[in-house]
Amino acid sequence: MEIQQPPSRRPVVLVFAPHYWPAFRAGGAVRTLRNMAAQLGDAIDFRFFTRDRDVGDTTPYAGMTPGQWGGVDGARVMYAGSRQRSLAAVARMIREVDPDVVYLNSFFDAKFSLLPLVARRLRMTGRAVPWVIAPRGEFSKGALALKAWKKKPCIACCRAVGLHAGVIWQASSDLEAVDIRRVMGEGALTRVAADLTEQVGPLPGVSPERAGPMRVCFLSRLSPKKNLLYAIDVICRVRQPIRFDILGPLEDPAYWETCQRAIAQAPAGSTIEWKGEVPHEDVRKTLAGYDLMLFPTLGENFGHVIFEALAAGVPVLVSDQTPWQDLDARGSGWVRPLETPQAFVDVLEAAAARDPAARRTAAVAAHAHALEVSRSAAVLGANRELFLDAALDSPPAG
């Protein structure tokens, strides 16, 4: 067997990302990409092609010139305006960068996944190189059930024309790899490389006595996929007083109106309030003020907010649609099936009855869990090998 030698230069990986730093409303994908650049930049030359504004913004980032490459935290980034996102412009940019690997961070995004793949299919992108796609949880059953009328025809059309022929699929977990093969066929080439996380600091102090009701939070985009309405319904069923704070950007106004009607049904003694957005740099400090995080998501490929809560010493109550399946065994939280909302209610009522010593034990276990994840050499190695192996291998036919 021929032994492949490491490249004499850092391979260039051109990353198509709907959003990149300083965006924060787009969720965990931005943090994954930034951590990737920070932790793998010694071996890989990342170039990020991304939108010139955050989710919901009508104006570009201040001090940025659209369509020009610039340095951001050691990586090269182009913040693209509408002129840079046409088929011809994207194809020309790929040819000029001449990457060793192209990396896409979505399946359904029209401008930052489907459009580059169309350019590839039409042979407009120059030399043949490997393409890697990270669907970021878009293939979970819960995610696909939302707007299925649009997603199913898109998948069928892509498969019919061979738009993704020869690509490498990155899964963040074995569960996501199963989802990918279920949707794209058993022949889909998958590589498991979990999301990279930030470092974990010391465990925040846990007050021995906290006056008032148990403090529970939900931190994510206010959208159907994150299942906020389910969380509100669960809180309303709890017989003990609960303070439930909703943290995150408003993504779907119509959905939020439905949530507000549910909030109006909160029982006496419990409060449910939306506290607005939380900048990324304030997430852990904000989370540390709560006793528990409730996150009954319909599907996550990783779930950065789960990691952030654990890093803040906050146990989490999540659905069974995330890779975090060992929370109960680790004492760092609870995993419950969405089919049984009473199971969520039971956990919340038991947690509200905990004494200070039990709260401290749970906080220590949560923090230890996050610390172990952040120090995983295997995860770092899997991500490094994903790109280096792709750059060294012969490109698949596309």
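Check the chain and count each lysine pair with an alpha-carbon distance under 27 angstrom, considering only pairs eight or more places apart or from different chains.
Lysine pairs meeting the criterion: 25.
Using Cα pairs closer than 8 Å and at least 6 residues apart in sequence, work out the relative contact order for the chain, in percent. Walk me through the numbers before you get to the answer.
Numbers: 737 pairs, mean separation 64.9, N = 398.
For the chain, the relative contact order is 16 percent.
Of 362, 350, 382, which is the most mobile in a GNM of the chain whose springs link Cα atoms less than 10 angstrom apart?
Its mean-square fluctuation being the largest, the pick is 350.
Return the tail of the calculated pair distribution for the chain, meaning the percent of Cα-Cα pairs more than 26 Å apart.
On the way: 43121 of 79003 pairs.
Here the long-distance tail beyond 26 Å is 55 percent of all Cα pairs in the chain.
Using every pair of alpha-carbon atoms in region 281-368, split the distances into 10 Å bins beginning at 0 and state the percent of pairs per bin, rounded to integers.
18, 54, 27, 1
Evaluated at 20 °C with a viscosity of 1.002 mPa s, what Stokes-Einstein diffusion coefficient in µm²/s does region 214-374 have when Rh comes from the Kirkwood expression over alpha-carbon pairs? Could the numbers behind the result be given before it?
Working: Rh = 15.5 Å.
After rounding, the answer is 138 µm²/s.
Cα convex hull of region 157-244: mean projected area in nm², to one decimal? Spell out each step's value before the answer.
Details: hull surface 40.0 nm².
Spelled out: convex hull of the Cα atoms, projected over all directions, averaged, 10.0 nm².
Sort all Cα-Cα distances of region 121-209 into consecutive 10 angstrom bins from zero, then give the percent of pairs in each bin up to the one containing the longest distance.
14, 37, 26, 12, 8, 3, 1
Can you tell me how much longer the chain between residue 364 and residue 350 gets when fully stretched, taken as 0.36 nm per residue apart minus their C-alpha distance, in nm with one decimal? Don't skip to the end; give the middle numbers.
Values: separation 14, 0.36 × 14 = 5.04 nm, distance 1.83 nm.
Length gained, residue 364 through residue 350: 3.2 nm.
Relative contact order for region 214-374: what percent, with Cα pairs under 8 Å and sequence separation of 6 or more?
On the way: 295 pairs, mean separation 37.9, N = 161.
It rounds to 24 percent for region 214-374.
Restricting to the chain, what percent of DSSP beta bridges are antiparallel, rounded to 5? Mind dumping the intermediate values first?
On the way: 4 of 49 bridges.
Looking only at bridges with both residues in the chain, the antiparallel portion is about 10 percent.
Radius of gyration and Dmax for region 196-286's Cα atoms, expressed in Å?
14.7, 42
Over the Cα atoms of region 1-117, what Rg and Dmax result, in angstrom?
Looking at region 1-117, its Cα Rg and Dmax stand at 14.5, 55 Å.
Run the dipole for region 214-374 about the Cα centre, Lys and Arg Cβ at +1, Asp and Glu Cβ at -1, nothing else charged, and hand back the magnitude in debye, nearest 20.
On the way: 16 positive and 20 negative charges, 76 e Å.
The dipole magnitude comes to about 360 debye.
Suppose we keep just the DSSP beta bridges with both residues in region 23-148; what percent of those would be antiparallel, to 5?
Details: 4 of 12 bridges.
Of all bridge pairs located within region 23-148, approximately 35 percent are antiparallel.
Laboratory data are not the source of any read-out in this text; all were calculated from the coordinates shown. Since this is a predicted model, take the numbers as computed values, not measurements. When we count neighbours, we look across all protein chains shown, and the Cβ atoms used for this are built from the backbone with ideal geometry, even at glycine.
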